[in-house]
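Worksheet: the structure to be examined is printed underneath.
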Amino acid sequence: MKIALLEPLNVSEEMLREMAAPVLERGHELTVYDTKADSPQEVIRRAQGMDAVIIANTPFPAEAVTENPALKYIDVAFTGVDHVPMEACRARGVLVSNAANYSNQSVAELTVGMAIALLRRLPDCDAAVRAHQGSAGLIGREIAERTVGIVGLGRIGLRVARLMLAFGARVVAYDPKPMEQARQLGVQYASLREVLESSDIVTLHAPACAQTHKMIGEAELAQMKPGALFINCSRGALVDSQALCDALRSGHLAGAAVDVYDREPPLDDSEPLLHAPNIILTPHIAFASEESMLRRARIVFQNLYAWLDGEPINLC
């Protein structure tokens, strides 16, 4: 089999060699690219003639499937597969696995970190010190006793709920498939509108799909409590960025923190959130910690070896 790792997995070369050694020992060919492709055409070129490819979050063009009759398997080093042409894969019988759950803790921790940064006004505090100012006007707020609304209570959302409950927050959640485990923790389920209306902090953890596309727009943001905070470490496609920008400019929302956008950073000046006040922006790094990268790489190679053994796992 010809196998290609199309982009870096962000683990050490030594660790990568150790994980990939069985590929070569079994007599397969492995091509490793240590940089991201700079265009869709380059992705297509790298994938051409490969029986299996490993990708992370770089969009995989449909042509890389339809114009590569050799391709049989895509091993996605990511939770979501919305950047993979699933219809084209199904049409050609190309199997797709993902690395779900590798970043649950990393995303949950950044979500809580963003909430603390907004409540304690950390960017303003940093700016004050650098401007040789004191603490005047920088009194913050606590998570404890506040209502945190989680939109999308899967495994990451559940991890966020556990952390927020540990801080003493009340947690409410909207999800089409309630979990008894969450209820046992003390999470209260409600409609999306009820969650938005009752929460001091709203955080998104839903997948990107047709049902969730732009699920948070002007009307939904207007339903949120005046002075509430909004966090998105999920998918950019879930939110109308211009509507969020407008809600911040009007003062209806006190602040926001966003890690995901309609397109991958770096962003150009057309991105509305770059010009919004009271917002913390991070370059899609919620999933990225040393620990999560190692977990991800291990899952990816487990997926690959299971497929090579004819018993594929983590199929999408």
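So here's what we get for this one:
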item	result
Filtered residues of the range 145-167 (kept if in contact with an Asp or Glu (Cβ under 6 Å, 6 or more places away or on another chain) and either modelled with pLDDT under 95 or closer than 14 Å to residue 115 by Cα (or both))	146, 147
From 18, 25, residue being farther than 20 Å from residue 295 by Cβ and among the charged types (D, E, K, R)	25
Helices (runs of 4 or more DSSP H) wholly inside the range 155-217 that include at least 1 residues being of a type in the set (Ser, Thr, Tyr)	192-198
Filtered residues of the range 256-270 (kept if touching a residue at least 24 places away in the same chain (Cβ under 8 Å) and aliphatic (A, V, I, L, M))	256, 257, 258, 260
Residues of the range 77-97 classified as among the hydroxyl-bearing types (Ser, Thr, Tyr) and either at pLDDT 95 or above or over 19 Å from residue 306 (Cα atoms) (or both), total	1
Helices (runs of 4 or more DSSP H) fully within the range 1-83 counting 2 or more residues that are of a type in the set (D, E, K, R), out of contact with any Asp or Glu (no Cβ under 9 Å at 6 or more places or on another chain) and exposed (fewer than 14 other Cβ atoms within 10 Å of the Cβ)	13-25
Members of the range 221-255 found to be assigned to a strand (DSSP E or B) and either open to solvent by 10 Å² or more (accessible area, probe 1.4 Å) or within 22 Å of residue 191 (Cβ to Cβ) (or both), listed by number	228, 229, 230, 231, 232, 239, 253, 254
Test for residue 91: is it in contact with a helix residue (DSSP H, G or I) (Cβ under 6 Å, 6 or more places away or on another chain), over 30 Å from residue 140 (Cβ atoms) and without any contact (Cβ under 8 Å) to a residue 40 or more places away in the chain	no
All positions within the range 256-273 that are among the β-branched types (Val, Ile, Thr) and assigned to a loop (DSSP other than H, G, I, E, B)	260
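The values are calculated or read from the model by the stated rules, or taken from the named source; none is laboratory data. Note that this is a predicted model, so its numbers are computed, not measured. With ideal geometry, Cβ positions are generated from the backbone for all residues, glycine too; neighbour counts draw on all protein chains shown. Note: accessible area is taken over every heavy atom of the protein model, side chains too, but ligands, DNA and RNA are not part of it. Shrake-Rupley method; radii C 1.70, N 1.55, O 1.52, S 1.80 Å.
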